[in-house]
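The values are calculated or read from the model by the stated rules, or taken from the named source; none is laboratory data. All values reported here derive from a predicted model rather than from experimental measurement. Cβ placement follows ideal geometry from the backbone for every residue including glycine, while neighbour counts extend to all protein chains displayed. Ligands, DNA and RNA are stripped out before the accessible areas are found, and what is left, the full protein with its side chains, is counted by its heavy atoms. Shrake-Rupley method; radii C 1.70, N 1.55, O 1.52, S 1.80 Å.
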Amino acid sequence: MSKHRGVRMPMSRLYAPTLKEDPAEAELASHRLLLRAGFIRKQAAGLYTYLPLAWRSLRKIEDIIRDEMDAHGAQECQMPIMIDATLWEESGRFGAYGPELMRFHDRHDRQFVLGPTHEETVTDLIKNELKSYKQLPVNLYQIQDKFRDEMRPRFGLMRGREFIMKDGYSFNATQESLQETYDAMKEAYANICERCGIKALPVVADSGQIGGDTSVEFMALAEAGEAALVYCDDCGFAADDEAATTKVEVLDGPGDGTLTKVETPDCATIEAIASFFGVPQNATVKSLCLIDGEGRAVLALVPGDHELNDCKAEKVFGEYHLMTAEELVENGLVKGFIGPMNLPEHIRVVADAALRDAHKWACGANEAGYHFTGIEPGRDFEVDEWADLITVKAGDPCPHCGRPLAGARGIEVSQVFQLGTKYSQAMGANFMDEDGREKPFLMGCYGVGVSRTLAAAVEQHNDEHGIIWPVSIAPYEVSVIPLDPKKEPCASACDQIVEALVEAGLEVVVDDRDERPGVKFADNDLMGFPYQIVLGKRGLANGVVEFKNRATGEREDVALDQIVAKVTELVEAQRA
Ligand code: ATP
Ligand code: MG
């Protein structure tokens, strides 16, 4: 994209009110830094103004998205944000969506909603106009504000009530065609992350019946992420730890396999038991007692080194809870010494499937101060049900290639989804197929959180001094910092450099303010321009300027007649 037009922005005119102190309400780096550096301002909970710097970056993200969408066969359009609620009644979502949906009446007392996403609008749009298989596939997208009255709007742009989304919808005649569009969108989404300088993993959110994925979330890796992930650096596998399943490694317990009751005073935890018997924690079995959704007592057994996963447990046990101290007593159980042997009859036993491979279990004896070793399921007690119960964690083997998985947290920046006929069927949107029969469209939907992408970029690129923009989405690519902006020779040298940079098509901020050098350096670091050119008296006397790379912190003296070429080359190489 070198048809770039250069821009010169004097800092004295730039509307970017910075804050000296960290705003108290901001926990995350992105929230804090975007406020401090004068990129955003809050109007009310979850409602933000994008100030000029943020807006420039957002427009660059949008341009990258447009470029990828257009290159992958999608067409941009713009639908109304206000949606007639009757469409939402047709799809059944008016009742189902919940309080996140902003609902209101117009002056004629007609019910409307503000679009949190536009499946209904776009389905209604093409209905009765897109008629034949010959016209398919069609893939429409828009970039606009979305509204969700989030219960807890927080973390600045990360979870707003009004936020910018690119949403796209495809209409396909066959599953093969839908798969093709979906794969193209997946590829485009991976490119978008990469071009925005965001390291993201495609995480399978939903698996189809035939084994392929039907929904993938792109997760930007960041400590601040709400999702816990496991991923494999070797084969590229990635999954939400709530959804991941893998064959975790379990070892046989201590002893020669004879059922033996052992006195284990003070061994009420897995750590204590493992060290008492001198075995790793995955050679022990953890016993958890819970009350399932129907009020029944259940003993859940999991490998000692893994946790019971709440999400998976809910699938097996319904709305369960772990037994309270009183409930343990009521059920005849002794905290710290629970196990499947001598278990009160009424308690059902459900074991994690990984434990099928383990023998000689070491478990509590249901008697204070005692454990059994050498327990053999099937021989010594019956497992009523085997199930997938545990949270996969870093170090577990990758389900695809067996290498150890890494753990990370992720921010969902985008998602692709095969909707099938959910909306077309509900809303009666059909086309005439090749065989002369009317069929509902197969649909896919594809969303990118544009403003969330901006926040995710800041989460990944910052340090104690502020933001560090990737060149591709930086509001300005270079800042020129004259230390004596009103004096010669600083003023003319600055002018010359800036003019040449602009001529070369670069976007330049000039810190022309009458401020101390320290203040200027701090502000420019905070705002995060990728490259800084500092003009000082001493350097100029020697024919050099100081060149600073914001990302690496490296500084070097560069000759006055070389600086423009050097910066231009660096910037052009990194534009998206
Ligand atoms: P989340 O699980 O984070 O609430 P979602 O899965 O409900 O998001 P989608 O319906 O998939 O969101 O919307 C597409 C994209 O829009 C998301 O991947 C995310 O990047 C962005 N997004 C969703 N909700 C918000 C929000 N409240 N603020 C900012 N961006 C959002
Ligand atoms: Mg989503």
> How do 302-309, 359-366 rank on mean C-beta neighbours within 10 Å, highest first?
Replying inline: 359-366, 302-309
> For segment 373-517, what is the Kirkwood estimate of the hydrodynamic radius, computed as the reciprocal of the mean inverse distance between distinct Cα atoms, to one decimal in Å?
Replying inline: 23.3
>> Taking θ = phi - 60°, what integer Hz values does the Karplus form 6.51 cos²θ - 1.76 cosθ + 1.60 yield along segment 366-383, in sequence order, with x for Gly and Pro?
In response: 6, 8, 4, x, 9, 10, 9, 10, x, 6, 10, x, x, 8, 9, 7, 9, 7
> Hey, what's segment 425-531 come to in accessible area per residue, 1.4 Å probe, Å²?
Replying inline: 36
> On alpha-carbon atoms, Rg over Rh for segment 95-233 using Kirkwood Rh?
Replying inline: 1.00
>> So with the 1.4 Å probe, I'd like the accessible area per residue for segment 269-328, rounded to whole Å².
In response: 44
> Which angle from 0 to 90°, rounded to the nearest 10, does the C-alpha axis of helix 490-503 make with the longest principal axis of the chain?
Replying inline: 70
>> What whole-number distance in Å separates the alpha-carbon centres of segment 161-240 and segment 286-362?
In response: 35
> Considering the Cα trace of segment 22-72, what is its radius of gyration and what is Dmax, both in angstroms?
Replying inline: 13.7, 43
> Pairs Lys146/Lys393; Lys42/Lys166; Lys146/Lys312; Lys20/Lys548: which are spaced more than 26 Å apart, C-alpha to C-alpha?
Replying inline: Lys146/Lys393; Lys146/Lys312
> How would you rank 481-491, 155-165, highest first, on the average number of other Cβ atoms within 10 Å across their residues?
Replying inline: 155-165, 481-491
> So, in Å, what gap is there between the alpha-carbon centers of segment 84-135 and segment 428-479?
Replying inline: 22
> Can you list the cysteines of the chain that have no other Cys Cβ under 4.7 Å away?
Replying inline: Cys77, Cys193, Cys196, Cys267, Cys289, Cys311, Cys363, Cys445, Cys490, Cys494
> Where Rh denotes the Kirkwood radius from the mean inverse Cα pair distance, what is Rg over Rh for the chain?
Replying inline: 1.07
> So which aspartates and glutamates can Lys422 reach, going by Cα to Cα under 12 Å and dropping same-chain residues fewer than 8 places off?
Replying inline: Glu90, Glu119, Glu120
> Along the positive direction of the dipole of segment 2-124 (beta-carbon charges: Lys, Arg +1; Asp, Glu -1; about the Cα centre), which of Ala54, Pro17, Phe112 reaches farthest?
Replying inline: Pro17
> Given a Förster radius of 51 Å and the C-beta distance between Lys261 and Glu464 as r, what FRET efficiency does 1/(1 + (r/R0)^6) yield to the nearest 0.05?
Replying inline: 0.35
> Hey, how many Å between the Cα centroid of segment 365-398 and the Cα centroid of segment 518-576?
Replying inline: 61
>> For segment 184-320, what does the convex hull of the Cα positions come to per residue, in cubic angstrom?
In response: 196
> How long are the semi-axes of the ellipsoid equivalent to segment 445-542, from square roots of 5 times the Cα gyration tensor eigenvalues, in whole Å, largest first?
Replying inline: 31, 16, 9
> Hey, what does the equivalent ellipsoid look like for segment 259-413, semi-axes from the Cα gyration tensor as sqrt of 5 times each eigenvalue, largest first, whole Å?
Replying inline: 25, 20, 14
> So which trypsin sites (Lys or Arg not before Pro) in segment 9-99 pass both tests, a DSSP loop state and at most 15 other Cβ atoms within 10 Å of the Cβ?
Replying inline: Arg13, Lys20
> Relative to the longest principal axis of the chain, what angle (0 to 90°, nearest 10) does the C-alpha long axis of helix 450-460 take?
Replying inline: 80
> When the accessible area of the chain is computed with all protein chains present and a 1.4 Å probe, what percentage of it is carbon and sulfur?
Replying inline: 48
> With each run of n ≥ 4 DSSP H residues scored as -39500 (n - 2.57), what mean residue ellipticity at 222 nm is computed for the chain after dividing by its residue count and rounding to the nearest 500 deg cm²/dmol?
Replying inline: -7500 deg cm²/dmol
